[in-house]
Amino acid sequence: MDHFLYRDGALYAEDVPISEIAAAVGTPFYCYSTATLERHFRLFDEALEGVDHLVCYAMKAASNQAILKTLAALGAGMDVVSGGEYARAIAAGVPGERIVFSGVGKTREEISAALTGGIRQFNVESEPEMEAINAVALELGKVAPITVRVNPDVDAKTHAKIATGKSENKFGIPISRARDVYAHAASLKGLKVIGIDVHIGSQLTELEPFELAYNKVAELTEQLRADGHEITRLDLGGGLGIPYERSNSAPPLPVEYGAMIKRVLGPQGCEIEIEPGRLIAGNAGIMVTEVIYVKEGEDREFLIVDGAMNDLIRPAMYEAHHDIVPVVEPVPGEEPARYDIVGPVCESGDTFAKGRALATSKAGDLIAFRSAGAYGAVMSSEYNSRPLIPEVLVNGDQFAVIRRRPSYEEMINRDSIPTWL
Ligand SMILES: *Cc1c(COP(=O)(O)O)cnc(C)c1O
């Protein structure tokens, strides 16, 4: 459920008409709903009621400071995967003890910054990284709390580019080697082993792969305890999928996910951490774009819009589907047209949808890409020298620009000219 609904024939974000935001900031732009962000965070928080837990928002999904502050105010922890994300979490006022550091290639600088600023735990992804964290911690006279990310060799049944839990993926340590790696960790004085971490992929639409992985984690918890390790925290990653197509079957709900977690891992008596990103931000954001031209092709009509693959890369990168809706509500019963919806970038990959049914449209009409809140703005670039598009946050009847559109001059002035030119 989200808060982008038609009211009196016009698309609104909460209590603000999308057309009003478009008039104020120009197109294209991202628009997020505070109520939807908050609702989704609470769904996870409530799903784990009754067990000691922390929901750490995986901020790589959408990392604008205003979004982070919105979630931090509800008590969210943050899952970060770079020094930049760590700095963003701190800047948003999230205390170190609520920040989890994930990612396969943490540098010594990043490790040092997190140990100095405070960190809940590092999720270690390899033995060389474990040694590096130990060395940096010893240098700083600190002890780094760690979990080891295990790779359970489970098929997440999702797009290959976002599956992370098979043995062929670069993530984690093979679960078969976990006991050796934990023994190694326990011998390092700069580390304190506190738990186990797993994350098998993103946009999972079934609970079964999660359950397979979590059963392996339950078994490993018992083995490691028998080996003498204190396992008090289980980080179960993110990955619960969202309904990108309203007309299709819906993925499991957070409450069902939470119930499964309690059933499979409750008996271990550990503190539970989860790291949802997409489900919190995905349906809390849309991208709004304007039709520039309607162009007749040989056998099809193209809707050329002012948003492009540099602004929203998911269709080009993952063959992803986004529902696309007009900002003026279609007249009920009116036969829709079919369009190939494309951006202006000089690549055929800059195609958002082919043969998509949409109300008959004309130049100047506004259309919205739904479910664009996660992995949208954060993956955008200035390819084709198209400045980053603005982000707007709505809260009830108010809206604010939370990242403005840079001018051409600002974009160009980030380059510098060497003295010999
Ligand atoms: C990407 C990622 C997440 C979030 O995944 P979603 O599908 O957005 O929920 C969580 N944990 C880790 C380690 C990740 O890399």
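Here are the numbers:
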read-out	value
Filter result (open to solvent by 20 Å² or more (accessible area, probe 1.4 Å), of a type in the set (S, T, N, Q) and under 22 Å from L303 (Cβ atoms)) within the stretch 370-393	S380, N384
Within the stretch 265-318, tally of residues that are over 30 Å from D340 (Cβ atoms) and away from the ligand (no atom under 16 Å from the Cβ)	7
Residue in the stretch 197-211 that is within 29 Å of A137 (Cβ to Cβ) and more than 16 Å from the ligand (Cβ to nearest atom) present	no
Answer from I162, I99, I119 - the residue that is assigned by TED's automatic domain parsing to the domain that holds P209 and more than 23 Å from Y375 (Cα to Cα)	I119
Matching residues, the stretch 185-210, being assigned to a helix (DSSP H, G or I) and open to solvent by less than 50 Å² (accessible area, probe 1.4 Å)	A185, P209, F210
Residue in the stretch 216-228 that is within 16 Å of the ligand (Cβ to nearest atom), more than 22 Å from K166 (Cβ to Cβ) and either open to solvent by less than 10 Å² (accessible area, probe 1.4 Å) or in contact (Cβ under 8 Å) with a residue 60 or more places away in the chain (or both) present	no
Subset of the stretch 154-172 (residues that are open to solvent by less than 70 Å² (accessible area, probe 1.4 Å) and within 16 Å of P209 (Cα to Cα))	V154, A156, T158, H159, I162, A163, T164, G165, K166, N169
Matching residues, the stretch 86-109, being assigned to a helix (DSSP H, G or I) and crowded, with 23+ Cβ neighbours inside 10 Å	Y86, A89
Hey, V104 more than 30 Å from V401 (Cα to Cα), within 15 Å of the ligand (Cβ to nearest atom) and within 19 Å of the chain's Cα centre (by Cα) or not	yes
Flag for I367 being outside any loop (DSSP other than H, G, I, E, B), touching a Pro at 6+ places or on another chain (Cβ under 7 Å) and crowded, with 24+ Cβ neighbours inside 10 Å	yes
Subset of the stretch 333-358 that is modelled with pLDDT of 95 or more and among the hydroxyl-bearing types (S, T, Y) - its residue that is surrounded by the fewest Cβ atoms within 10 Å (Cβ to Cβ)	T351
Extreme residue, most open to solvent (accessible area, probe 1.4 Å), among residues of the stretch 17-35 that are more than 23 Å from G343 (Cα to Cα) and within 25 Å of the chain's Cα centre (by Cα)	A35
Scan of the stretch 66-78 for residues that are open to solvent by 10 Å² or more (accessible area, probe 1.4 Å) and either within 16 Å of the ligand (Cβ to nearest atom) or not in a helix (DSSP H, G or I) (or both), ordered by number	A73, L74, G75
Residues that are under 27 Å from the mean Cα position of the chain (by Cα) and either of a type outside the set (A, V, I, L, M, F, W, C) or in a helix (DSSP H, G or I) (or both), drawn from the stretch 320-342	H321, H322, D323, P326
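The values are calculated or read from the model by the stated rules, or taken from the named source; none is laboratory data. The shown structure was predicted, so the numbers you read here are calculated from the model rather than taken from an experiment. Here the Cβ is made from the backbone with ideal geometry for all residues, glycine too, and neighbour counts use every protein chain on show. These area figures cover heavy atoms from the full protein model, side chains too; ligands, DNA and RNA do not enter into them. Shrake-Rupley method; radii C 1.70, N 1.55, O 1.52, S 1.80 Å.
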